[in-house]
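Worksheet: one structure, shown below.
Derivation of every value follows stated rules applied to the coordinates shown; laboratory data play no part. It should be emphasised that the depicted structure is a prediction, and the values quoted were computed from it without experimental measurement. Positions of Cβ are generated from backbone atoms using ideal geometry, with glycine treated the same way; all protein chains shown enter the neighbour counts.
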């Protein structure tokens, strides 16, 4: 884990619908770390990920990826789109086999067939789905489907992986498996993770740093244990101790 290069930075980033739901004056993330983004419902966490992933355009502000300003006018850099991806709370799988789902991004990038086959087999083993390559995606359990979604997301080894409540609907064994996969991928590849989660215990277990959002603003961020053991802002303390009014 390098922890030296800033991979993502935003400045004066805002999103307004009928009201302002997000305003981040400045927030940056270093390459090779796992970041937990926590806060109550309506804090702007998922909105932030959608802006970073270029699924929506911000109302104001800039996004920089590895120091390069990202175009936000609907003509987003193709190179950037190829270096990040997102896993949602509900698995969004294609209407095809497990194998074809995992291979999708590799085919789009014109990887050789042999390399695709080897990568799919490697990932099936990593996510514990050996022997299920030809199973249709619609026959999978929720936990299996989410593991396929994660395998598809990391198949081409993106630099940045965004997780939006990716384990919220899973039972404890599948949550544990997903967390182990995230930790292993981070350690093996140096992939950066931005993980939105309502599960503060999950953030404490696997995140290197935590950012606490409230009412669309960044309240506090820092190393995970420091945030949990000695938060500097009363709102952070209240949230972590279950006293914040939603």
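Along the Cα→Cβ direction, 7 angstrom out, place labels at residue 215 and residue 122. What is the inter-label distance in nm?
For the pair residue 215/residue 122, the computed spacing is 4.8 nm.
Compute the helix-to-body angle for 172-189: its Cα long axis versus the longest principal axis of the chain, expressed 0 to 90° and rounded to tens.
Taking Cα atoms only, the helix is inclined about 90 degrees.
Under the 0.36 nm per residue contour assumption, what length would be gained going from the current alpha-carbon distance of residue 168 and residue 109 to full extension?
18.2 nm
Take 134, 208 and order them by how many other Cβ atoms sit within 10 Å, fewest up front.
Exposure proxy ranking, most exposed first: 134, 208.
Take residue 241 and residue 59, extend 7 Å from each Cα along the Cα→Cβ direction, and tell me the distance between the two endpoints in nm.
3.4 nm
At 0.36 nm per residue, minus the direct Cα-Cα distance, what do residue 189 and residue 90 gain on full extension? Give it in nm, one decimal, please.
Stretched out fully, the residue 189 to residue 90 stretch lengthens by 33.1 nm.
Please rank 163, 124, 55, fewest neighbouring Cβ atoms within 10 Å first, as an exposure proxy.
Ascending number of Cβ neighbours within 10 Å: 55, 124, 163.
Here are labelled values, (i) 120; (ii) 223; (iii) 133, and one is the computed volume of the Cα convex hull per residue in Å³ for what I pasted. Which one?
So the calculated entry is the one marked (iii).
Which residues in the range 76-117 place their backbone N less than 15 Å from a point set 7 Å from the Cα of residue 66 along the Cα-to-Cβ direction?
77-85
Place a point 7 Å from the Cα of residue 134 along the Cα-to-Cβ direction; which residues of the range 85-111 have their backbone N under 14 Å from it?
Correct set: 97-100.
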